[in-house]
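Q: My questions will all concern the structure given below.
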Amino acid sequence: MTLLDIVEGQHYSFPEQELDILKFWNKIDAFGEQLRRTEGQPEFVFYDGPPFATGLPHYGHLLAGTIKDIVTRFASMTGHHCVRRFGWDCHGLPVEHEIDKKLKISGKADVLKFGIANYNEECRSIVQRYSQEWKKTVTRIGRWIDFENDYKTMDPHFMESIWWVFKTLNEKNLVYKGFKVMPYSTACNTPLSNFEAGLDYRDVSDPAIMVTFPVIDSQTNASLVAWTTTPWTLPSNVALCVNPDLKYVYVKNPAGDVFIVAESRLHVLPQAIAKGKEQRLNPNWSIEKTVLGKELDGLKYKPLFEWYGESVQSAFRVCVDSYVKDDSGTGVVHQAPAYGEDDYRVCLENQVVLKGDSLPDPVDANGCFMAPAPSDLIGVYVKDADKMLIQCVKDQGRLLDNTRIVHSYPFCWRSQTPLIYRAVSSFFVKVEDFKDRLIANNLTTEWVPSHVKEKRFHNWLESAHDWSISRNRYWGTPIPVWSSPSGDETLVIGSIAELEQLTGTQVSDIHRHFIDDLEIPSRRGPDFPPLRRVEDVFDCWFESGSMPYAQQHYPFENKEKFENSFPADFVAEGLDQTRGWFYTLMVLSTALFDRPAFKNLICNGLVLASDGKKMSKSLKNYPDPNNILEKYGADALRLYLIDSPVVRAEPLRFKEEGVFSVLKDVFLPWYNAYRFLVQNVRRVVAEGNVFQPSETDNFTNVLDIWILSSTNSLVRFVRDEMKHYRLYTVVPRLILFISQLTNIYVRFNRARLKGKLGAEESRYSLIVLFKVLLTLCKTMAPFTPFFVENMYQNLRLCMDDAEESIHFCPYPSHSEDTAHRIEISVSKMQAVIEAVRALRERAAKPLKMPLSSITIVDADADFLQDAKGALLLYITDELNVRTVNISSEPRNFASLKAEPNFSTLGKRLGKSMKAVTQEIKSWDDNKIMSFKIDKKATVAGHELLEEDVIIRYEFDCANDEHQAHAMIGEGGGMVILDLRTDASLVSAGSARLFVNKVQKLRKSVGLQTSDFVNVYYHTSLSDHQDMIQEILQTEQKYILDSLGCIPVALRDETQVVLGSDEFKMSNASVKCLLCKPVASLASVEDVKNEDKLQYKSLKALILAREFDSLNAARPDVFLDEERVRFKVKK
């Protein structure tokens, strides 16, 4: 059976063909069938990080999905069973925030009024709002993943496993409930973890004020000066802190006021320092005293506000701690223990506040002031209260300076509102207790790129703090802790069955509104109040970090299956997940099993708009992903994304023209090579032959051997790179291979492939091309699943017992026995060809003009032998030269020159550079060759190494206008081109030009390779006519081989013109015509009157000629516009 005919590349629609492939996959249940076929093979375990389905997929999702799909497809094709389940992150702030906007809920009171049950069911209703859009887009990108057997973090089984995780951590004494200053979202009424706070930093303008704190009983009436960018925290001030080892000065201003600041920060006091380069006090300012910070310890000061003075122990005094630095502010830091982690620690250590006591915190859950604030501040948002509080400080005469500062500040990643830091009660995982095991487990994993693991992630682990895992919210997995009212009796539940047993109630759903009312009797007896569940729910990051266990309902189900397949072989997400999902996976797996959750990880960077800014729907600064898929197809987008810095965790500026370039530079050349195969296989079959691509492996042609070896090398390379998860190296190698396939193998073998060198040569070359394209399709199947499937469905028609889909085929294996020498020689030949093309262009000698000779210089004897042997015909044909000369000695054509490498020696040698330069430049050829061998030399007393000296060749024929020359590579390779021409060369060049014009004309009128036409030419001057006739006669063999006919000067009037072109040839103006013989109905009109039946038959015969094979229908070709063809009886 032959191959089906295919359209030209310009008419091939990649998106439309992909949609057909999707239908085909759906029809045969391709993904399901692949899973069934690989059942029982070694497991390749992949964890899919769950996205929120409350928004539509963007390029970041498509990128991560493509990476995951490539790796898992490759795993399946290399003999693994790879289950791929899609996951959904259903809980947490993203969902609640949507409901808050919908219902105009602004705080806890609104939720309680609406009812937690109603609120949670509203959340449930939108969780999978866009799930169908996700499924459509993910499927369209070509990703094979199971949506039917997906996991959802809101499923009871998933939530139950989370309970098991928490209880296990508690049993390991790795959980505690504590009071800690945390990043806090006032819009969402909940604390955030440190890594969440790091997700969205923005430059903001905040007030920057200096406030005086008069020292009580000071003989000099001195005041400590503190600097703050959060005036709203001043009402909660209960202490000041200085560094014990810094020097502090008492400095007096002209008005007699004395201020205490760090000596190194004196310059920040308004008007204290005189203008000029030197930091000197103004003449009317003076330093009264200098002390160390520890001497200020215990000083009492007059409070600014006294909202909490009586309730706070030992308040309004100076404490010392080394956390205070002198790189900003005044060296004096005001302490508000409810709003700063260090503030809280310092005040506890100095017993300004006591553990367990309430903190001075006049801010409610929404970030608004409440009692004991004065009435004009109650209900005012803290940031909005800054101006009122600054005015209050000013009214007291204690505002020393009032400016603004632009600095980086954390925002809530979900509500887009500024975070504050405040002390909150939360459940924590004791990450600091096993930080060393986190670091050790991280070392056992492999990351791409490795620097993210070794630097960013390692540094994050080294500075890891205890992890706040609870949120005072509603829609999430409830913390399974039941506690007595006094908190002196608590119980942690680890399963639904345990809860049912202790409460006597059947439980089918464990969200808050189903279990908050369940009471557990006290173990102390009926005289004690029952235990009720605490209000908190788990942070959604705790849920996603638990997915390896929860997606399999471990340990309640699949216990052996999970334990035999943990940790996962592979995970992949974006760079932002180093402080998110990657971190929580590592923390929980280390805490539970002292193992990492994964073995291999690919970390991608961010996809930005083309201007380098974040992609924004409001700015509309990026093309819709669906439009890109409709315009260019999924394969082009997939290759564009993975052939970019983004797969190395660097940012990618997404440009639509980049996707088009992939289509143009990769897929179209690839398709054209495939189409060339199809055309010629069909030609072979049309000639009555059988095409059997598997009938031989005995190839002797040098380019056959080369391309098969190169294909083997490609397979080996891709296998090795995929083994190490380096996806980004594959596309450049693919582009190189396709270039070699089309520009060397197909181009140099065009005559063989077309059958012009005989049927046997054609058969061998077509078998080779078939094998190469089939192997290339299988190699690239994980990367470009649609395009290779489309080709494979045609190629398989020539194969016996072919698999139904290319994705059911095993990945190609490679042989260690390669034609390495031939690969090197052809590579060097290609370098020579490119160099000569460049030389011809500079010398204005087009390739159509034959030249007498080139000389190839190379130290590689094997290459020189091949250049004069197996590769000679290809070199002469491609470069259009008559003779190829070779030499292994570059010094026959050029002199060696040496000069110092100033970039490595400049700083090192200093004044000695001149002497070293003079000596190096004086070296002769022998001295330079000796240095090349030894790779070191002593020059003017300095030892120089290989990288310190630049060695180059200087051609001896540099001023010869009849020669052009070029260096090739750094090993002394050269090419010298003889530019002289003679009459025979000019004649051959003209013939080549004529053939080229005819072939372009054939293509423009839509002729197929097999379409025979007559070629005519015309010129107005007789001497030009003679010249052209002489050229055609001299180059008769070349023209006949190329065109299949010899052009003649006069056109038979019975010929119809299909196309014509005018051009210059050796200063002659030539008109070329392509013609076909035609019969006229006018010549048989007499028959019409005598025998109508005979006339009808003649008319049908005329209309049945082969003009219908032309792609371009021309009205002057057809004698009747009707395209119906009649059957003619003899």
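The values are calculated or read from the model by the stated rules, or taken from the named source; none is laboratory data. Treat the numbers as computed from the prediction; the structure is a model and nothing was measured. No Cβ is skipped: glycine too gets one built from the backbone with ideal geometry, and neighbour counts run over all protein chains shown. Protein only, heavy atoms only, side chains kept; ligands, DNA and RNA dropped before computing areas. Shrake-Rupley method; radii C 1.70, N 1.55, O 1.52, S 1.80 Å.
Q: Taking segment 188-229, which residues are part of a loop (DSSP other than H, G, I, E, B) and touching a helix residue (DSSP H, G or I) at 6+ places or on another chain (Cβ under 8 Å)?
A: Start the filter on segment 188-229 by keeping residues that are part of a loop (DSSP other than H, G, I, E, B), which leaves 188-189, 192-193, 198-200, 216-221, 229.
If the condition is that a residue be part of a loop (DSSP other than H, G, I, E, B) and touching a helix residue (DSSP H, G or I) at 6+ places or on another chain (Cβ under 8 Å), then 188, 189, 193, 198, 199 are the ones that fit.
Q: Please find, among 54, 78, the residue that is within 22 Å of residue 416 (Cβ to Cβ) and either open to solvent by 10 Å² or more (accessible area, probe 1.4 Å) or outside the structural domain of residue 159 (by the TED database) (or both).
A: Values: 78 fails: within 22 Å of residue 416 (Cβ to Cβ).
Within the list 54, 78, the selection yields 54.
Q: Take the residues of segment 82-108 that are open to solvent by 10 Å² or more (accessible area, probe 1.4 Å), in a helix (DSSP H, G or I) and not hydrophobic (A, V, I, L, M, F, W, C): which is farthest from residue 35 (Cα to Cα)?
A: 108
Q: Taking into account only those residues within segment 754-771 that are surrounded by fewer than 23 Cβ atoms within 10 Å (Cβ to Cβ) and of a type in the set (A, V, I, L, M), which is nearest to the chain's Cα centre (by Cα)?
A: Only one residue tops the list, namely 767.
Q: Okay, moving on. Can you tell me how many residues within segment 955-1009 are aromatic (Phe, Trp, Tyr) and more than 18 Å from residue 1041 (Cα to Cα)?
A: The qualifying residues number 1.
Q: Does segment 774-791 contain at least one residue that is open to solvent by 10 Å² or more (accessible area, probe 1.4 Å), touching a residue at least 12 places away in the same chain (Cβ under 8 Å) and closer than 14 Å to residue 680 by Cβ? Quick ask: steps written out before the conclusion?
A: Going through segment 774-791, the residues open to solvent by 10 Å² or more (accessible area, probe 1.4 Å) turn out to be 774-775, 778, 790.
Now narrow it down to the ones that are touching a residue at least 12 places away in the same chain (Cβ under 8 Å): 774-775, 778, 790.
Next, from what is left, pick out any that are closer than 14 Å to residue 680 by Cβ: none.
The answer is no, given that none of the residues of segment 774-791 is open to solvent by 10 Å² or more (accessible area, probe 1.4 Å), touching a residue at least 12 places away in the same chain (Cβ under 8 Å) and closer than 14 Å to residue 680 by Cβ.
Q: What are the residue pairs meeting all of these: first residue in segment 812-829, first residue free of Cβ contacts under 8 Å to residues at least 40 places away in the same chain and hydroxyl-bearing (Ser, Thr, Tyr), second residue outside any helix (DSSP H, G or I) and open to solvent by less than 40 Å² (accessible area, probe 1.4 Å), Cβ atoms under 8 Å, and 6 or more apart or on different chains?
A: Pairs that qualify, where the first residue is free of Cβ contacts under 8 Å to residues at least 40 places away in the same chain and hydroxyl-bearing (Ser, Thr, Tyr) and the partner is outside any helix (DSSP H, G or I) and open to solvent by less than 40 Å² (accessible area, probe 1.4 Å): there are none.
Q: Would it be correct to say that residue 858 is touching a residue at least 12 places away in the same chain (Cβ under 8 Å) and crowded, with 18+ Cβ neighbours inside 10 Å?
A: yes
Q: Got at least one residue in segment 602-623 being closer than 30 Å to residue 175 by Cβ, at pLDDT below 95 and either open to solvent by less than 30 Å² (accessible area, probe 1.4 Å) or not assigned by the TED database to the domain that holds residue 161 (or both)?
A: Initial filter on segment 602-623 (closer than 30 Å to residue 175 by Cβ): 603.
Adding the requirement that they be at pLDDT below 95 leaves 603.
If we keep only those that are either open to solvent by less than 30 Å² (accessible area, probe 1.4 Å) or not assigned by the TED database to the domain that holds residue 161 (or both) too, we end up with 603.
The answer is yes; a qualifying residue exists.
Q: Pick from segment 183-206 the residues that are of a type in the set (Phe, Trp, Tyr) and modelled with pLDDT of 80 or more: which of them is most open to solvent (accessible area, probe 1.4 Å)? Talk me through it step by step, then tell me what you get.
A: Taking segment 183-206 and keeping what is of a type in the set (Phe, Trp, Tyr), we get 184, 195, 201.
Cutting the leftovers down to modelled with pLDDT of 80 or more gives us 184, 201.
Working: 184: 14, 201: 115 Å².
Once the filter is applied, the top-ranked residue is 201.
Q: Right, another one. Any idea which of 236, 218 is open to solvent by less than 30 Å² (accessible area, probe 1.4 Å), in contact with a Pro (Cβ under 6 Å, 6 or more places away or on another chain), assigned by the TED database to the domain that holds residue 296 and modelled with pLDDT under 95?
A: Working: 218 fails: in contact with a Pro (Cβ under 6 Å, 6 or more places away or on another chain).
Answer to the selection: 236.
Q: Return yes or no: is residue 730 modelled with pLDDT of 90 or more, open to solvent by less than 50 Å² (accessible area, probe 1.4 Å) and either over 20 Å from residue 782 (Cβ atoms) or under 14 Å from the mean Cα position of the chain (by Cα) (or both)?
A: Details: modelled with pLDDT of 90 or more: no; open to solvent by less than 50 Å² (accessible area, probe 1.4 Å): yes; either over 20 Å from residue 782 (Cβ atoms) or under 14 Å from the mean Cα position of the chain (by Cα) (or both): yes.
It is false that residue 730 is modelled with pLDDT of 90 or more, open to solvent by less than 50 Å² (accessible area, probe 1.4 Å) and either over 20 Å from residue 782 (Cβ atoms) or under 14 Å from the mean Cα position of the chain (by Cα) (or both).
Q: Take the residues in segment 676-689 that are of a type in the set (S, T, N, Q) and part of a helix (DSSP H, G or I); name whichever of them is farthest from residue 616 (Cα to Cα). Step through it out loud before you land on a result.
A: Kept after step one, since they are of a type in the set (S, T, N, Q), are these residues of segment 676-689: 679-680, 689.
When the remaining residues are screened for being part of a helix (DSSP H, G or I), the result is 679-680.
Values: 679: 47, 680: 50 Å.
Filtering segment 676-689 for residues that are of a type in the set (S, T, N, Q) and part of a helix (DSSP H, G or I), the one farthest from residue 616 (Cα to Cα) comes out as 680.
Q: Go over the candidates 280, 265 one by one and state the one that is of a type in the set (D, E, K, R), surrounded by 15 or more Cβ atoms within 10 Å (Cβ to Cβ) and in contact with a strand residue (DSSP E or B) (Cβ under 9 Å, 6 or more places away or on another chain).
A: On the way: 280 fails: surrounded by 15 or more Cβ atoms within 10 Å (Cβ to Cβ).
Of the residues listed, the single one that is of a type in the set (D, E, K, R), surrounded by 15 or more Cβ atoms within 10 Å (Cβ to Cβ) and in contact with a strand residue (DSSP E or B) (Cβ under 9 Å, 6 or more places away or on another chain) is 265.
Q: If you don't mind, there's one more thing I want to ask. Among residues belonging to segment 141-182 that are assigned to a helix (DSSP H, G or I) and open to solvent by 30 Å² or more (accessible area, probe 1.4 Å), point out the one that is farthest from residue 538 (Cα to Cα). If you could, list the steps in order and put the result at the bottom.
A: Step one: of segment 141-182, the residues assigned to a helix (DSSP H, G or I) are 156-171.
Filter again for open to solvent by 30 Å² or more (accessible area, probe 1.4 Å), leaving 156-157, 164, 167, 170-171.
Working: 156: 14, 157: 15, 164: 13, 167: 13, 170: 14, 171: 18 Å.
Only one residue fits best here, namely 171.
Q: A follow-up question, please. Where the second residue is open to solvent by 30 Å² or more (accessible area, probe 1.4 Å) and at pLDDT below 90 and the first is of a type in the set (A, V, I, L, M, F, W, C) and lies in segment 727-742, which pairs have Cβ atoms under 6 Å and are six or more apart or on separate chains?
A: The qualifying pairs are 731/643.
Q: For residue 379, are the conditions met, namely being closer than 25 Å to residue 210 by Cβ and among the small types (Gly, Ala, Ser)?
A: Details: closer than 25 Å to residue 210 by Cβ: no; among the small types (Gly, Ala, Ser): yes.
Considered against the rule, which asks whether it is closer than 25 Å to residue 210 by Cβ and among the small types (Gly, Ala, Ser), residue 379 comes out as no.
Q: Working carefully through the options 418, 360, find the one that is open to solvent by 30 Å² or more (accessible area, probe 1.4 Å) and not assigned by the TED database to the domain that holds residue 228. Spell out how you get there, then give the answer.
A: Values: 360 fails: open to solvent by 30 Å² or more (accessible area, probe 1.4 Å).
Sole residue among the options that is open to solvent by 30 Å² or more (accessible area, probe 1.4 Å) and not assigned by the TED database to the domain that holds residue 228: 418.
Q: Let me ask something additional. Can we say residue 739 is of a type outside the set (Val, Ile, Thr) and under 26 Å from residue 873 (Cβ atoms)?
A: Values: of a type outside the set (Val, Ile, Thr): yes; under 26 Å from residue 873 (Cβ atoms): yes.
The answer is yes for residue 739.
Q: Give the residue that is surrounded by the fewest Cβ atoms within 10 Å (Cβ to Cβ), with candidates limited to residues of segment 714-726 that are touching a Ser or Thr at 6+ places or on another chain (Cβ under 6 Å) and in contact (Cβ under 8 Å) with a residue 40 or more places away in the chain. Before you say what the answer is, go through the steps one by one.
A: First pass over segment 714-726, keeping only residues touching a Ser or Thr at 6+ places or on another chain (Cβ under 6 Å): 715, 718, 721.
Among the residues that remain, those that are also in contact (Cβ under 8 Å) with a residue 40 or more places away in the chain are: 715, 718.
Numbers: 715: 19, 718: 25.
This residue is 715.
Q: Here is a check on your reading of the model: is residue 806 open to solvent by less than 20 Å² (accessible area, probe 1.4 Å) and within 30 Å of residue 638 (Cβ to Cβ)?
A: Details: open to solvent by less than 20 Å² (accessible area, probe 1.4 Å): yes; within 30 Å of residue 638 (Cβ to Cβ): yes.
Criteria met by residue 806.
Q: In segment 323-357, how many residues are over 41 Å from the mean Cα position of the chain (by Cα), open to solvent by 40 Å² or more (accessible area, probe 1.4 Å) and not β-branched (Val, Ile, Thr)?
A: Start the filter on segment 323-357 by keeping residues that are over 41 Å from the mean Cα position of the chain (by Cα), which leaves 324, 326, 329-338, 343-357.
With the extra rule that they be open to solvent by 40 Å² or more (accessible area, probe 1.4 Å), the set shrinks to 326, 333, 345, 348-351, 354-357.
Narrowing the set further to residues that are not β-branched (Val, Ile, Thr) leaves 326, 345, 348-351, 354-357.
Going through segment 323-357 one residue at a time, the tally reaches 10.
Q: Now for a different question. Considering segment 1049-1062 alone, what residues qualify as being open to solvent by 20 Å² or more (accessible area, probe 1.4 Å) and at pLDDT 85 or above?
A: 1060, 1061, 1062
Q: Same structure, new question: Report whether or not residue 499 is farther than 26 Å from residue 89 by Cα and open to solvent by less than 10 Å² (accessible area, probe 1.4 Å). Even if it seems obvious, please write down each step before you answer.
A: On the way: farther than 26 Å from residue 89 by Cα: no; open to solvent by less than 10 Å² (accessible area, probe 1.4 Å): yes.
So residue 499 fails the test.
Conditions tested, residue by residue: (1) in contact with an Asp or Glu (Cβ under 9 Å, 6 or more places away or on another chain); (2) surrounded by fewer than 20 Cβ atoms within 10 Å (Cβ to Cβ); (3) within 30 Å of residue 258 (Cβ to Cβ).
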site: 366; (1), (2), (3): no, yes, no
site: 372; (1), (2), (3): no, yes, no
site: 382; (1), (2), (3): no, no, no
site: 392; (1), (2), (3): no, no, yes
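Q: Taking the condition over 31 Å from the mean Cα position of the chain (by Cα) and modelled with pLDDT under 95, does residue 535 pass? Write out each step before concluding.
A: Details: over 31 Å from the mean Cα position of the chain (by Cα): yes; modelled with pLDDT under 95: yes.
So residue 535 fits the description; yes.
Q: Let me ask something else. Where residues in segment 506-528 are part of a helix (DSSP H, G or I) and open to solvent by less than 90 Å² (accessible area, probe 1.4 Å), which of them is farthest from residue 112 (Cα to Cα)? Spell out how you get there, then give the answer.
A: Initial filter on segment 506-528 (part of a helix (DSSP H, G or I)): 512-515.
If we keep only those that are open to solvent by less than 90 Å² (accessible area, probe 1.4 Å) as well, we get 512-513, 515.
Numbers: 512: 13, 513: 12, 515: 16 Å.
So the residue we want is 515.
Q: Residues to consider are 1017, 1038; find the one that is among the hydroxyl-bearing types (Ser, Thr, Tyr), modelled with pLDDT of 80 or more and outside any helix (DSSP H, G or I). So that I can check it myself, show each step before the final result.
A: On the way: 1038 fails: outside any helix (DSSP H, G or I).
On inspection, the qualifying residue turns out to be 1017.
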